[in-house]
Amino acid sequence: MERVALVAGCWFLFWMIVGSTVGGLTGGAHGGVQNGIYFGAFSGAWWAVLTSFTWPWIMPESIQRWMDR
């Protein structure tokens, strides 16, 4: 169970970093960067939740075998 939690944590972290980066770059001036990073992280969390249902199709076989051990 720890391996599944580790992969899920990395998955959420990846999408939150991607969302924060995109939000920060598109946030604009006058405090928009901070708000863009903040809201981008939450958007990334939603992307992580929505894409977690596609794990069986997109996860490499080596990670799948490692999680099943």
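The values are calculated or read from the model by the stated rules, or taken from the named source; none is laboratory data. If you're wondering where the values come from, they're calculated on a predicted model, not measured in any experiment. Positions of Cβ are backbone-derived with ideal geometry, glycine not excepted, and every protein chain shown enters the neighbour counts. SASA here: full protein model, heavy atoms, side chains in, ligands and nucleic acids out. Shrake-Rupley method; radii C 1.70, N 1.55, O 1.52, S 1.80 Å.
Residue-by-condition table, conditions (1) assigned to a helix (DSSP H, G or I); (2) in contact (Cβ under 8 Å) with a residue 24 or more places away in the chain:
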site: ILE17; (1), (2): yes, yes
site: VAL22; (1), (2): yes, no
site: GLY28; (1), (2): no, no
site: ASN35; (1), (2): yes, no
site: ALA41; (1), (2): yes, yes
site: GLY44; (1), (2): yes, yes
site: TRP47; (1), (2): yes, yes
site: PRO56; (1), (2): yes, no
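For the stretch 32-57, the candidate set comprises residues that are aliphatic (A, V, I, L, M) and within 14 Å of the chain's Cα centre (by Cα); within that set, the residue that is most open to solvent (accessible area, probe 1.4 Å) is LEU50. In the stretch 1-14, what residues are open to solvent by 70 Å² or more (accessible area, probe 1.4 Å) and either without any contact (Cβ under 8 Å) to a residue 24 or more places away in the chain or of a type in the set (D, E, K, R) (or both)? Scanning the stretch 1-14 gives MET1, GLU2, ARG3, LEU6, CYS10, LEU13. For residues that are assigned to a helix (DSSP H, G or I) and in contact with a helix residue (DSSP H, G or I) (Cβ under 9 Å, 6 or more places away or on another chain), scanning just the stretch 58-69, find the one that is most open to solvent (accessible area, probe 1.4 Å). It comes out as ASP68. Of all residues in the stretch 15-31, those satisfying the criterion of being surrounded by 14 or more Cβ atoms within 10 Å (Cβ to Cβ) and either at pLDDT below 80 or closer than 30 Å to MET67 by Cα (or both) are TRP15, MET16, VAL18, GLY19, SER20, THR21, GLY27.
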